[in-house]
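Shown next, in structure tokens, is the structure this report addresses.
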Amino acid sequence: MFLVLDNLRVHHRKLVKVWLEDHKEQIEIFFLPSYSPKLNPDEYLNGDLKQRTRSGLPSKTEEDLKKKTRSFMKTLQRRPHHVSNYFKHPKIAYAA
């Protein structure tokens, strides 16, 4: 398994390093350069999620926002091609 991480300080903590060392046979780690959201596949998902949760009627409660978020994530589960499209972006192709 490949795990792509940004350079958030918590990803470099000793506890994380020990856990990763214990699982090095199963996981290969790739750190993104600092301040490079365009290289992070998560950011494309986050952008879609933000767009979806802001569309339609505004969420007036935390529960409304959770409902919209769950709905979007369930939609993604039924549409794996949508997720694979994130990795077709030229800046994300490295992770495909």
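Here, each number is a calculation from the coordinates, and none is a lab measurement. The structure presented is a predicted model; accordingly, all values stated were derived computationally and were not measured. As a convention, Cβ positions derive from the backbone with ideal geometry for all residues, glycine included, and neighbour counts pool all protein chains shown.
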For the chain, what is the charge dipole size about the Cα centre, in debye to the nearest 20, if Lys and Arg each add +1 at the Cβ and Asp and Glu each add -1 at the Cβ? 460 debye
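Going by how many other Cβ atoms sit within 10 Å of their own, how do S36, S59 line up, fewest first?
Details: S36 12, S59 15.
Ordered from fewest to most neighbouring Cβ atoms within 10 Å, S36, S59 come out as S36, S59.
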Lysine pair count for the chain [Cα-Cα under 28 Å; pairs on different chains or 8 or more apart]: 27
What is the angle, in °, between the Cα long axis of helix 62-78 and the longest principal axis of the Cα atoms in the chain? Nearest 10 is fine, range 0 to 90. 70 degrees
Within a Cβ distance under 14 Å of R70, other residues only, what is the Lys/Arg minus Asp/Glu net charge? +3
So what is the calculated 222 nm ellipticity per residue for the chain, using -39500 (n - 2.57) for each DSSP H run with n of 4 or more, over all residues, to the nearest 500 deg cm²/dmol? -15000 deg cm²/dmol
Which of L76, S34, F87 sits farthest toward the positive end of the charge dipole of the stretch 1-92, with +1 on the Cβ of Lys and Arg and -1 on the Cβ of Asp and Glu? L76
